[in-house]
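I have placed the structure first, in the form of structure tokens, so that the comments after it can refer back to it.
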Amino acid sequence: MAHLVEDELVELGLASLAGIFGMSKKDLSRRLVAARAINWANDPFARGAYSYATPETREAQSVLASSDRGRVLFSGEALYRGRDMGTVEAALVSGLETARTILAADRIATT
């Protein structure tokens, strides 16, 4: 996928999510507010690097994980608060936490 442009990566992501959630890609696309896909291997700032902790990491994670700052939510390996930051498992756990936050907010909004 390294040769794909952002729009193509987003389309692949939507197709994958549609399959996971048993939804049509069209319906999922209608619900999408915004999307961004970055090929980290080609990104001039990341250059293929993964996350690592600094003395300021925990404070930055708290700010980014705060859900009281609006509807923008972040997730990924850099926001994992366990000891194995920078791993695929960390990204998955962080993504699951964010998904739970979204689902909980959706349940509150629809009741």
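The values are calculated or read from the model by the stated rules, or taken from the named source; none is laboratory data. Computed from a prediction, not measured in an experiment: that's the story for all the values here. Every residue, glycine among them, receives a Cβ derived from its backbone with ideal geometry; neighbour counts consider all protein chains shown.
So the values come out like this:
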{"item": "Residue check for Leu17: within 13 Å of the chain's Cα centre (by Cα) and either of a type in the set (Ser, Thr, Tyr) or not assigned by TED's automatic domain parsing to the domain that holds Ala104 (or both)", "result": "yes"}
{"item": "Exclusive hit being under 23 Å from Leu4 (Cα atoms) and in a helix (DSSP H, G or I), set Ala60, Ala91, Ala49", "result": "Ala91"}
{"item": "Residue among Tyr52, Tyr80 that is of a type outside the set (Gly, Ala, Ser), in contact with a Gly (Cβ under 9 Å, 6 or more places away or on another chain) and exposed (fewer than 12 other Cβ atoms within 10 Å of the Cβ)", "result": "Tyr52"}
{"item": "Breaking point among (1) small (Gly, Ala, Ser); (2) at pLDDT 85 or above; (3) over 15 Å from the mean Cα position of the chain (by Cα), for Ala46", "result": "(2)"}
{"item": "Residue list for region 9-38, restricted to those being among the charged types (D, E, K, R), over 18 Å from Ser75 (Cα atoms) and either at pLDDT below 90 or out of contact with any Lys or Arg (no Cβ under 9 Å at 6 or more places or on another chain) (or both)", "result": "Lys25, Lys26, Asp27, Arg30, Arg31"}
{"item": "For Leu96: the one exception among (1) surrounded by 12 or more Cβ atoms within 10 Å (Cβ to Cβ); (2) under 13 Å from the mean Cα position of the chain (by Cα); (3) part of a helix (DSSP H, G or I)", "result": "(1)"}
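Here's the yes/no breakdown for (1) under 26 Å from Met1 (Cβ atoms); (2) free of Cβ contacts under 8 Å to residues at least 12 places away in the same chain; (3) among the polar types (S, T, N, Q):
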position	(1), (2), (3)
Ser29	yes, no, yes
Trp40	yes, yes, no
Glu56	no, yes, no
Phe74	yes, no, no
Arg83	no, yes, no
Thr98	yes, no, yes
Ala104	no, yes, no
Arg107	no, yes, no
